[in-house]
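To start, the structure under review is shown below, and the notes come after it.
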Amino acid sequence: MWGRTSTVTGKNEAAKRSVGAGAAIMAVLVCVAVSAGIGCQKQEQKAVKERVVNVRAWTSETRSLRPFVESIGTLNPYETVNVSSELDGILKAIHVDEGSPVTAGQVIAEIKETDYRLAVEQAAAVWKQTAAALANAKQEHQRKEALYREELVTKQQLDDIVARLALAQGDVEKAGAGLDLAREKLTKTKIHAPLAGSVKEKKVTAGDYIRNGTFLVSIIRTDLLKLTFTVSEKDVGSLRAGQDVAFGVDAFPGREFRGQVKTIYPQLEEKTRSLLVEAQVANRDGGLKPGFFTRVTLYTGPAKGTVVVPITSLLYDDSNTRLFVVEGDRAKERKVRIGRKYGEFMEIVEGLRAKESVVIAGQNNLMEGVLVNVAR
């Protein structure tokens, strides 16, 4: 009995040890399964946090650019002269019309000269009379002077002839001045263009009776033009005479014209807080016309190396300007200070270097340190 009991007891203990080992193994497997589940959850959570944002990037670069100010303006004649008559009379002929080109000194109108020619002849006759009287006075003076030396005439008689000689000389000078004036008036019956240009306006026709000061035609000089435009108050400090100006007009799309600043007006317009500026523009071929509307670029300094980025890369937040750059596979936010606009690009004065990868599309979805995928 004792032997059988020992055998049974041993079997029971072996069975217990087997059950305990199985329980332990099950516990380990449960722990492994739980740990695996927790690990999967963490990986899933990590995958959610590390979402990738697709962006497009552009490499910032340094360009040699000239600082400038943009404005709009108008072309005006370099000079405008209103030609008037200096005489009274009937207008015999007018040789120009609106738009006619003229050269300096060209006869553009004529006044009937009959009266003025007769005046010249009359003045010439008067001068001849006074010249003859002067010649007689000179001869008599010579005779009286010789007689006075021989004491055959008195001092009073000599003084009389000296006075008559002086009066005769004065009469000749007066008559000569009258003759010169008459001749000058005769030349003024032909009216000449004071400068080369084009006739802007004509106010008279042949046959009109005109007076001294009557407006006849206006002539504009067009081989040179004035480009007038305004500059805002904040840019006035960069203005200098002699600065280069480039501009375009609708009549010649794609073509650029140039000039130089000549006049900077001394006072700002109070309503617009802007300053009027004039530039001189060469127009030898006459293609540019006074009155053309212009888009002006005024260069305010020499070319300099400037870091630029596309305007589309910039984000504005109140008074701050920022952008995102790509470092490795992460987005990094940068606060920058901007300068001038150059077409589709903006100058970056501070906060960015050349050859950095700048996000130009998708930056609205970015935050500091976000994982990004740069589209190629």
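Over all pairs of different C-alpha atoms in segment 113-188, the reciprocal of the mean inverse distance, the Kirkwood hydrodynamic radius, equals 13.8 Å. Could you work out how far the C-alpha centroid of segment 208-246 sits from that of segment 139-197, in angstrom? The distance from the Cα centre of segment 208-246 to that of segment 139-197 comes to 50 Å.
Averaged across orientations, what area in nm² does the convex hull of the alpha carbons in segment 56-187 project? Spell out each step's value before the answer.
Details: hull surface 82.9 nm².
Across all orientations, segment 56-187 yields a mean hull projection of 20.7 nm².
The GluC sites (Glu not before Pro) of segment 238-297 that meet both conditions, a loop assignment by DSSP and at most 15 other Cβ atoms within 10 Å of the site Cβ, are 256, 270.
Given +1 on the Cβ of Lys and Arg, -1 on the Cβ of Asp and Glu, and no further charges, what dipole in debye does the chain carry about its Cα centre, rounded to the nearest 20? Please report the intermediate quantities before stating the final value.
Numbers: 54 positive and 46 negative charges, 562 e Å.
For this selection, approximately 2700 debye.
Treating r as the C-beta distance of residue 260 and residue 355 and R0 as 45 Å, the FRET efficiency rounds to 0.75.
Sorted from fewest to most neighbouring beta carbons within 10 Å, what does the list 159, 244, 171 look like?
Working: 159 12, 244 15, 171 18.
The most exposed by this proxy come first: 159, 244, 171.
Work out, step by step, the length gained on full extension between residue 110 and residue 63: first 0.36 nm times the residue separation, then minus their alpha carbon distance; give nm to one decimal.
Values: separation 47, 0.36 × 47 = 16.92 nm, distance 6.25 nm.
Between residue 110 and residue 63, full extension yields an extra 10.7 nm.
Take every DSSP beta bridge whose two residues both sit in the chain; close to 95 percent of them are antiparallel. Translational diffusion of segment 211-277, estimated by Stokes-Einstein from the Kirkwood radius over alpha carbon pairs at 20 °C in a medium of 1.002 mPa s, is 145 µm² per second.
For the chain, what is the mean residue ellipticity at 222 nm derived from helices alone (per DSSP H run of n ≥ 4: -39500 (n - 2.57); sum divided by total residues; nearest 500 deg cm²/dmol)? Mind showing how you got there, number by number?
Numbers: 3 runs with 117 residues, N = 376.
So the helix-based figure for the chain works out to -11500 deg cm²/dmol.
Loop-located GluC sites (Glu not before Pro) in segment 145-179 (DSSP state other than H, G, I, E, B) with a sparse environment of at most 10 neighbouring Cβ atoms within 10 Å: 150, 151. The residue among 313, 81, 300 whose Cα reaches farthest toward the positive pole of the charge dipole of the chain, with charges on the beta-carbon of Lys, Arg, Asp and Glu, is 313. Eigen-decomposition of the gyration tensor built on the alpha-carbon atoms of the chain gives equivalent ellipsoid semi-axes of 110, 23, 13 angstrom, largest listed first.
Each reported figure results from applying straightforward, stated rules to the coordinates on display, with no laboratory input. As the structure is a prediction and not an experimental result, all values here were calculated from the model. Because the Cβ atoms are built from the backbone with ideal geometry, glycine has one as well, and the counts that use them run over all protein chains shown.
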